[in-house]
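Read through the structure below, which is laid out as structure tokens, and then see the notes.
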Amino acid sequence: QVQLVESGGGLVQPGGSLRLSCAASRSIARINVMDWYRQAPGKQREWVAVIYSGGSTLYADPVKGRFTISRDNAKNTIYLQMNSLKPEDTAVYYCHGLVIANDYWGQGTQVTVSS
């Protein structure tokens, strides 16, 4: 069992930045896959970025070059640094972990990009 708790969301103007955090209830060192998803109003949940236990990362095209995913195993936390935010980035952002064949999700944190 892993509990995931996101934080760091909020209201930001277009072009601004936010850093989301996802704190896990246990060590993440051996969690092979941790990623971020988001869900905008009226839309399906979409994958945003992944970080593997070895540190390699991948990004969805809409966020490539603007978002950076990272992990701090000592703090059992992953992060999503979001720069150059756009109104279309507005969504609830969810942290996800895959442990063997089990999926774990956080409760989500709202990000609103608006002037």
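The values are calculated or read from the model by the stated rules, or taken from the named source; none is laboratory data. Since the structure is predicted, the reported quantities are computational estimates derived from the model, not experimental observations. Positions of Cβ are backbone-derived with ideal geometry, glycine not excepted, and every protein chain shown enters the neighbour counts. What goes into the accessible areas is simple: the full protein's heavy atoms, side chains included, and nothing from ligands, DNA or RNA. Shrake-Rupley method; radii C 1.70, N 1.55, O 1.52, S 1.80 Å.
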> Taking the highest mean first, how do the peptides 40-50, 65-75, 89-99 order by number of other beta carbon atoms within 10 angstrom per residue?
Replying inline: 89-99, 65-75, 40-50
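For the chain, what relative contact order do you get, as a whole percent, if you take Cα pairs closer than 8 Å and at least 6 residues apart?
Values: 281 pairs, mean separation 42.4, N = 115.
This gives 37 percent for the chain.
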> So which lysines pass the test for Lys43, namely a Cα distance under 18 Å, with those fewer than 8 places away in the same chain ruled out?
Replying inline: Lys86
>> For Val113, what accessible surface area do you get with a 1.4 Å probe? Give it in Å², rounded to 10.
In response: 10
>> How far apart, in nanometres, would the label points at Ser17 and Gln107 be if each is projected 7 angstrom from Cα along the Cα-to-Cβ direction?
In response: 2.9
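Averaging sequence separations of C-alpha pairs under 8 Å and six or more residues apart, then dividing by the length of region 2-43, give the relative contact order as a whole percent.
Values: 30 pairs, mean separation 15.9, N = 42.
Taking the mean separation of contacting Cα pairs over the length of region 2-43, I get 38 percent.
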> Using mean Cβ contacts within 10 Å as the protection proxy, how do 14-23, 30-39, 51-60 order, highest first?
Replying inline: 30-39, 14-23, 51-60
>> Just to check, using Stokes-Einstein with a Kirkwood Rh over alpha carbon pairs, what's the diffusion coefficient of the chain at 20 °C and 1.002 mPa s in µm²/s?
In response: 153
